[in-house]
Amino acid sequence: MSTRIEIFRSEMKKSRFKIWLRAVLFVLFSTLFTFYFLRDIANGYFTWIWVVISFAAFIPVGFLLSRIVPMRADLEARAVTLSLDRFYLVLIWVLVIAKLIASHIPSLIAISDAIMCSILGIMFGRLGGIGLRVRSLKRQHGFAKQD
């Protein structure tokens, strides 16, 4: 039994697992937030152009945050492993709590939507940046073929 747990834990640290996990979380957040956007846009609080602008404005922030993700090449497993980035975790939780509070105050609904866009932009930019860093590390250590 403990061997299975050790195998699962080592698999969880590998980049492919963590990247897919982050992608699934991004899709889940996007789906959930789309319902809020549809409601708020229909009620006139926000517009799709502001969704796009706010989302795009925070992609570079996420890309920069991907630079502080702890990762290393595991030569024995021939894989890149990622560690938990506490700063990002706290940032997302603070933004989600701020979004929750702002969504309950009618005058701050547009700010709540902007916070949702910032969360999605940060997640998207960070996911892309992590993917690029992992690919670079894999190529640098010969884990992946060069194109």
**Qualifying position, being over 22 Å from Leu137 (Cα atoms) and crowded, with 17+ Cβ neighbours inside 10 Å, among Phe35, Phe124, Phe46** = Phe46
**Request:** Quick one: in the stretch 66-91, of everything that is assigned to a helix (DSSP H, G or I) and touching a residue at least 60 places away in the same chain (Cβ under 8 Å), which residue is nearest to Ile119 (Cα to Cα)?
**Result:** Ser66
**Prompt:** Mind checking which residues of the stretch 61-116 are crowded, with 19+ Cβ neighbours inside 10 Å and of a type in the set (D, E, K, R)?
**Reply:** Lys99, Asp113
**Asked** Going through the stretch 92-146 one residue at a time, which ones are more than 20 Å from Ala57 (Cα to Cα), of a type in the set (S, T, N, Q) and in a helix (DSSP H, G or I)?
**Response** Ser103, Ser107, Ser136, Gln140
**Prompt:** Looking at Ala42, is it within 19 Å of Ser112 (Cβ to Cβ) and among the hydrophobic types (A, V, I, L, M, F, W, C)?
**Reply:** yes
**Message:** Quick test of your reading of the structure: Val27 fulfils all but one of (1) out of contact with any helix residue (DSSP H, G or I) (no Cβ under 7 Å at 6 or more places or on another chain); (2) surrounded by 12 or more Cβ atoms within 10 Å (Cβ to Cβ); (3) modelled with pLDDT of 90 or more. Name the failing condition by number.
**Reply:** (2)
**Asked** Is there any pair linking a residue in the stretch 115-126 that is farther than 17 Å from Thr47 by Cβ to one that is basic (Lys, Arg) and assigned to a helix (DSSP H, G or I), with Cβ under 9 Å and at least six apart or on different chains, and which?
**Response** Ile119/Lys99; Met123/Arg22; Arg126/Arg22
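The values are calculated or read from the model by the stated rules, or taken from the named source; none is laboratory data. All values derive from a computational prediction rather than experimental measurement. Backbone-built Cβ (ideal geometry, glycine too); neighbour counts: all protein chains shown.
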